[in-house]
Amino acid sequence: MPHVVVVGGGFGGLSAASELAKEGFRVTLLDRHPYNTFQPLLYQVATGGLNAGDVTYSLRFFAARLKIRFRCTTVVGVDHDAREVECDDGVKIGYDYLIIATGITTNHFGIPGAAENTMSMYTRPDALKVRDTIFGAIEKIASASDLLTGSFTVVIVGGGATGVEMAGQLAELRNHAIPMVYPELNPARVHVVMVEMGPHLLAPFAPSLRTYTLRELVKRGVDVRLNTAISQVDPDQVVFKDGTSMPVDLVIWAAGVAGYERLASWGLPIGRGRRVEVNSDLRTTNDDRVFAVGDASLIVDNPLPQVAQPALQGGKHAARQIVRLTRGLPTEPFSYKDKGSMATIGRADAVLQLPQGLKIKGLLAWFGWIALHIMYLLGNRNRIQTLVNLGTRYVGLGRSGVIVGDVMEPPKLRAIREK
């Protein structure tokens, strides 16, 4: 059977590898981490609701179950003529077909200081760093000799699903967890600010759900600023395009994503957002034996949203096209089936929009959000642990308890100390 190399152990890569394994192909899965990360729940890790292990899954165990090969390595290049993937340790892995599923990273849009002075939540280390910074700052305030001075201001940049979920969870952390865990600290000294350059939150959603989300965040005490663009980020402030500024302790960047810069050196056709340009069958526009799926890919004639479902469906489709090619059959165009969009705002509150036009908000949407995320987690252990931890956080006897780690200074405090 042909040898297929899959680069990336995210939604798209695992979906492709699973489908190929069923068909008996020789598959090698490559990833620079030994685990898969369930990115939709990383904000729960960042706010102390889940352990990092709840949302990660061993890629070696995944590979062993499917009887495929896994190699923990960083890909540094692709030799299209020799059909080899080049790894950072000098190893070259030959392939008959290659699937690029590397995912995305933060896009700072060239804003000065944004890359250096903000944090994001697209990887497990990112989420843990955010968590330790948040609780480190709260510890500093709670341990201060003068409990009447000092505050902690978090700015979330971007009003998409990631930004909304983070802002809502931080507001609940401030409103419920802090009074329980830090009784000496006045919650009013923790400020949660959301900045969105557009006129709406959750732009892809229906107007009624956007309005509902805005109202619910404001009700929770989030300072939402629409039509507000950032021109610069310093360690201790953000500067807006209208010339005003705001002192901050932590800036969480959720304003956009892009493909990894290193893909440009792999001989791949790179398009908008540093994504790999592919044809309708998900093969790259310059190589019939290379596919790209998920967030890293861009269908030239039909761009798709960078969320989980296109990656899951795309990975399976790419695998099926490789099967067709080995059987001498022509490839088929990818047809994305929209299963809807959702975002959680906080405890017992979410918005859900289905492609048939059905719109759900509040408690029912929240239960749907929990059920869907539990279902798509890899491994029964992770599903059980996540259900227990979310239940403890929201409805259990220990509600509002938090999972903490090391104390880490926010950028502002580090800058002050270093001066």
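Return yes or no: is R26 open to solvent by 10 Å² or more (accessible area, probe 1.4 Å) and farther than 13 Å from R124 by Cβ? Considered against the rule, which asks whether it is open to solvent by 10 Å² or more (accessible area, probe 1.4 Å) and farther than 13 Å from R124 by Cβ, R26 comes out as yes.
In region 127-150 there is no residue matching the filter, namely being surrounded by 19 or more Cβ atoms within 10 Å (Cβ to Cβ), in contact with a strand residue (DSSP E or B) (Cβ under 8 Å, 6 or more places away or on another chain) and among the aromatic types (F, W, Y).
Rundown of residues vs (1) under 20 Å from P310 (Cβ atoms); (2) touching a Gly at 6+ places or on another chain (Cβ under 6 Å); (3) hydrophobic (A, V, I, L, M, F, W, C), yes/no style:
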position	(1), (2), (3)
V6	yes, yes, yes
G13	yes, no, no
E19	yes, no, no
K22	no, no, no
L30	no, no, yes
Q39	yes, no, no
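Looking only at region 312-335, residues that are touching a helix residue (DSSP H, G or I) at 6+ places or on another chain (Cβ under 8 Å), open to solvent by 10 Å² or more (accessible area, probe 1.4 Å) and closer than 23 Å to L263 by Cα come to 4 in all. Just so you know, in region 194-245 the residues that are in a helix (DSSP H, G or I) and in contact with a strand residue (DSSP E or B) (Cβ under 8 Å, 6 or more places away or on another chain) include one that is most open to solvent (accessible area, probe 1.4 Å), and it is V218.
In contact with a Lys or Arg (Cβ under 6 Å, 6 or more places away or on another chain) and either within 24 Å of P269 (Cα to Cα) or not in a loop (DSSP other than H, G, I, E, B) (or both), is that true of Q313? Judged against the criteria, Q313 is not a match. Would you point out the residue of region 98-107, among those that are open to solvent by 10 Å² or more (accessible area, probe 1.4 Å) and part of a strand (DSSP E or B), that is farthest from V323 (Cα to Cα)? Going through the qualifying residues, I end up with T106. Annotation: R215 fulfils all but one of (1) under 16 Å from A343 (Cβ atoms); (2) touching a Gly at 6+ places or on another chain (Cβ under 6 Å); (3) basic (K, R); the unmet one is (2). Residues of region 184-193 include none that is under 23 Å from the mean Cα position of the chain (by Cα), open to solvent by 20 Å² or more (accessible area, probe 1.4 Å) and of a type in the set (D, E). One residue stands out in region 351-393 among those that are in contact with a helix residue (DSSP H, G or I) (Cβ under 7 Å, 6 or more places away or on another chain) and among the polar types (S, T, N, Q): the one that is most open to solvent (accessible area, probe 1.4 Å), namely Q385.
Scan region 84-97 for residues that are without any contact (Cβ under 8 Å) to a residue 24 or more places away in the chain, open to solvent by less than 60 Å² (accessible area, probe 1.4 Å) and either in a strand (DSSP E or B) or closer than 11 Å to G267 by Cβ (or both) and the total you get is 2. Among all residues of region 247-268, there is none that is hydrophobic (A, V, I, L, M, F, W, C), within 18 Å of D301 (Cβ to Cβ) and free of Cβ contacts under 8 Å to residues at least 24 places away in the same chain. Could you tell me whether D81 is surrounded by fewer than 18 Cβ atoms within 10 Å (Cβ to Cβ), of a type outside the set (S, T, N, Q) and more than 19 Å from V27 (Cα to Cα)? It is true that D81 is surrounded by fewer than 18 Cβ atoms within 10 Å (Cβ to Cβ), of a type outside the set (S, T, N, Q) and more than 19 Å from V27 (Cα to Cα).
For region 56-75, what are the residues that are surrounded by 20 or more Cβ atoms within 10 Å (Cβ to Cβ) and in a helix (DSSP H, G or I)? L59, F62, A63 - these are the residues of region 56-75 that are surrounded by 20 or more Cβ atoms within 10 Å (Cβ to Cβ) and in a helix (DSSP H, G or I).
Tell me, please, whether a residue that is free of Cβ contacts under 8 Å to residues at least 60 places away in the same chain and under 30 Å from R32 (Cα atoms) can be found in region 133-145. No: zero hits. Filtered by the rule that a residue be under 17 Å from the mean Cα position of the chain (by Cα) and either open to solvent by less than 30 Å² (accessible area, probe 1.4 Å) or among the small types (G, A, S) (or both), region 108-122 gives A115, T118, M119, S120, M121.
The values are calculated or read from the model by the stated rules, or taken from the named source; none is laboratory data. Only a predicted model underlies this, so the values are computations on that prediction, with no experimental measurement involved. Cβ sites come from the backbone with ideal geometry, for glycine too, and all protein chains shown count toward neighbours. When the accessible area is computed, the model is the full protein with side chains, heavy atoms only, and any ligands, DNA or RNA have been set aside. Shrake-Rupley method; radii C 1.70, N 1.55, O 1.52, S 1.80 Å.
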